Amino acid sequence: MAIEKGDFIKINYTGKFNEGQIFDTTDEQLAKDNGIYNPRGVYGGDVVIVGSGHTIKGLDEDFVGKDVGYTGSVTIAPEMAFGPHNPALVETVSVTKLKDQLADQRPYPGMPVELNGKRGVISQVIGRRVRVDMNHALAGKEVEYEYTIVEKIEDPIAKAQGLLSLYTGMPEIEVEVTDDLIRIYTPIELGFNQRWIVSKMTIASELIDKLGIASLEYVEKHPYVPPMAEEALEATEAPAEEEEAEATEE
């Protein structure tokens, strides 16, 4: 059956620009070989909802009508990829405006900085001034994606886990689904995950809408930590007691 908008699918892909330079991939070894490996990334495939903007528009639209198992490539113009390069997002400022970020470093082209609350990179250094480009790094570039549609996901728990992994980078978060409730057990470490803080409401809205279940709740899960055994406690206190005795003798 052909893929339609709203379907949950798992995809493997590799994105390229400049006639072959790889900038993104779900293949861990390929990422390492091309110097783009992210130790906090999740490899082995992404779960996306077709038509929901989880990938760039040109790729998202290309999924529709394909069958599970399809392998192919698509070349995407800037307007359907990361957008045209916008000159209004390029500013020239004095080096002193970035002195807190630069610290003792000299500015150089390609250096990431933040300007007026926006992230960008230094594209040019002109004496004591720098040009900061806040466009996406691939803005204005034609890109190519090679991809495979691995499977269409039907199981509601797998759908929820796939979407959570896409947004948080954490695979297989514990999920329960009944006819009237989606319950997500959030690991304690998610409390320090900025992506989670920003996206948790979006995830809830998408799952309620796509699974057709009226309610969703997040349950923060804290693992049980057994009290320290007496002998372990004594072992940790012994060195302190010995140091105190030595100090008294001196």
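Assorted remarks:
- One chain, two ends: Lys57 and Thr96. Fully extended at 0.36 nm per residue, the span grows by 10.1 nm beyond their Cα-Cα distance.
- Only lysine pairs 8 or more places apart or on separate chains count here, and in the range 68-171 those with Cα atoms under 30 Å apart total 4.
- The mean sequence separation of alpha-carbon pairs under 8 Å and at least six residues apart, normalised by the residue count of the range 155-237, gives a relative contact order of 28 percent.
- Summary of the geometry: the range 139-155 and the range 194-230, compared by the centres of their Cα atoms, lie 27 Å apart.
- Between Asn116 and Lys32, full extension at 0.36 nm per residue minus the direct alpha carbon distance yields a gain of 26.9 nm.
- The range 1-150, relative contact order [Cα under 8 Å, separation at least 6], %: 31
- Taken over the range 155-237, the alpha-carbon convex hull comes to 117 cubic angstrom per residue.
- Counting 0.36 nm for each residue step from Tyr70 to Asp180 and taking away their Cα separation leaves a gain of 36.2 nm.
- Globularity index of the chain is 1.38 (Cα radius of gyration / 2.2 N^0.38 Å, N = number of residues).
- Here the accessible area of the range 155-237 is 56 percent carbon and sulfur, with a 1.4 angstrom probe and all protein chains present.
- Table column - 3J(HN,Hα) (Hz), the range 152-169, Karplus curve with 6.51, -1.76, 1.60, x for Gly and Pro: 9, 8, 10, 5, x, 5, 5, 4, 5, 5, x, 5, 4, 5, 4, 7, 9, x
- Highest mean first, the peptides 99-109, 53-63 sorted by other C-beta atoms within 10 Å per residue fall in the order 53-63, 99-109.
- Mean Cβ count within 10 Å, highest first, over the residues of peptides 133-146, 159-172, 75-88, 115-128: 159-172, 133-146, 75-88, 115-128
- For the chain, the per residue solvent-accessible surface stands at 62 Å², with DNA, RNA and ligands left out and a 1.4 Å probe.
- Taking the protein heavy atoms of the range 1-134 in the context of the full set of protein chains, the accessible area attributed to carbon and sulfur is 46 percent at 1.4 Å.
- Taking the range 26-41 and a reference point 7 angstrom along Cα→Cβ of Glu146, the backbone N atoms nearer than 13 Å belong to 26-27, 30-31.
- Relative contact order, whole percent, for the chain stands at 19, derived from Cα pairs under 8 Å and 6 or more residues apart.
The values are calculated or read from the model by the stated rules, or taken from the named source; none is laboratory data. All values reported here derive from a predicted model rather than from experimental measurement. Here the Cβ is made from the backbone with ideal geometry for all residues, glycine too, and neighbour counts use every protein chain on show. Ligands, DNA and RNA are stripped out before the accessible areas are found, and what is left, the full protein with its side chains, is counted by its heavy atoms. Shrake-Rupley method; radii C 1.70, N 1.55, O 1.52, S 1.80 Å.
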